[in-house]
1. For the chain, what does the accessible surface come to per residue with a 1.4 Å probe? Please give it in Å².
2. Find how much the distance from ASN267 to GLU22 grows on full extension, using 0.36 nm per residue of separation minus their present alpha carbon separation; answer in nm with one decimal.
3. Just how large is the dipole of segment 159-247 about the Cα centre, in debye to the nearest 20, putting +1 at every Lys and Arg Cβ and -1 at every Asp and Glu Cβ?
4. Cα centroids of segment 166-187 and segment 49-64: how far apart, whole angstrom?
5. Taking a ≥ b ≥ c as the square roots of the Cα gyration tensor eigenvalues, with a/c under 1.5 meaning rounded and otherwise prolate when a/b beats b/c, else oblate, which class fits segment 83-189?
6. Quick check: at a probe of 1.4 Å, how many percent of the accessible area of segment 118-258 sits on carbon and sulfur atoms?
7. Points 7 angstrom from Cα along the Cβ direction at LEU76 and SER187: gap in nanometres?
8. I need the calculated FRET efficiency for the pair ASP15 and ALA137, taking r as the beta carbon distance and R₀ as 51 Å, to the nearest 0.05.
Amino acid sequence: RSKSAGRSTWTEFDDTMAAELESRQGLEAELRNAVAAGEIEPWYQPIISTQSNSVVGVEALARWQHAERGLILPGLFIPLAEESSLIVELGQAMIDRCCREMYPLIREGHLDYVSINLSTRHLRSPSVVEQIARTLARYRFPPSALQLEITESLLLIDFDQAEERLSHFRALGIRIALDDFGAGYSSLSYIRRLPLDVIKIDRSFARDISADRQAEAVVKAIVQLAQALELHIVAEGIETESQALRLTSCGCFVQQGYLFGQPMPLNEITQYLLAGDLEGGANPTHFAQRVL
Ligand code: C2E
Ligand code: MG
Ligand code: MG
Ligand code: MG
């Protein structure tokens, strides 16, 4: 009796696993088609300066418009894409489309740059530098208006190769940002040894800075370090005015978060950028107020 009960449990377990695997494979196949069909689209989140009270750039964030499931966030499909070379195709499609969509707005002076997340697996693909250089040339996109965001988590796997690729990008004039700095296993040796232009402070600091004096002390130390190493700083995840003001008083003037704007599709970010130019003004929370 106990034997058959055991067997039925195993059968159920197998069924669940098989179903999961099947839906996973199903999703991967769908994702592959979506990438090929151009259904993965960049949404854009504004990055603002509380000093000049203007938009300086945007970060492109991948969104999947799925016919039945609706909008799918990258937390679900980026890890799946990263399991295979699909992430290279997805990443390349993102870069291509961002350059094409942002070029007119950059040329007209509505913003300085677009920042795009580059997966470590994509960075490791042999032709990545050549591919991106070709995309820039195709759209006559100024390399100085492109920023690539990398995360430190997986760079350890082949540090020398990563360093070499990043140096190539910088030689082309592309800026490199280290994303989510201070989260997880941050190593100070990374920011000393990697060819970087920008550090993006992880959003956990913005979350804690109002309540926690230690978070504020660490942010001040990161700002000092960045100044000494001649790196720019961007603070992420700013949701409240008090967070924006505190970060500004720590010397973090360039900020990104829901307070200033959520990631939005091309037509909305275009409206946002045009409206910002019209309003102007010296009020540092001008962008925040527009949203509140
Ligand atoms: P990330 O690069 O650190 O991007 C910032 C994430 O924080 C975005 O989530 C953004 O929507 C969210 N965010 C922005 N402001 C706030 C805020 O004020 N509060 C909170 N709680 N969240 C905020 P999203 O769009 O879901 O993207 C998640 C991650 O997926 C990204 O984190 C990035 O690592 C990855 N990702 C997104 N698009 C791409 C892509 O095209 N390629 C690659 N390789 N990775 C991507
Ligand atoms: Mg990012
Ligand atoms: Mg980030
Ligand atoms: Mg990230």
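1. On the way: 14930 Å² over 292 residues.
Each residue of the chain exposes 51 Å² on average to a 1.4 Å probe.
2. Values: separation 245, 0.36 × 245 = 88.20 nm, distance 3.67 nm.
Full extension of this stretch gives 84.5 nm more.
3. The dipole of segment 159-247 has a size of about 180 debye.
4. So the two Cα centres are separated by 18 Å.
5. On the way: a/c = 1.87, a/b = 1.51, b/c = 1.24.
Prolate, because a/c is 1.5 or more and a/b exceeds b/c.
6. Numbers: 3470 of 6910 Å².
Answer for segment 118-258: carbon and sulfur cover 50 percent of the accessible area.
7. 3.5
8. Calculated value: 0.45.
The values are calculated or read from the model by the stated rules, or taken from the named source; none is laboratory data. Small disclaimer: the values here were computed from a predicted structure and weren't measured. Note that we place each Cβ from the backbone using ideal geometry, even for glycine, and neighbour counts take in every protein chain shown. Surface accessibility is based on the protein's heavy atoms, side chains included, excluding ligands, DNA and RNA. Shrake-Rupley method; radii C 1.70, N 1.55, O 1.52, S 1.80 Å.
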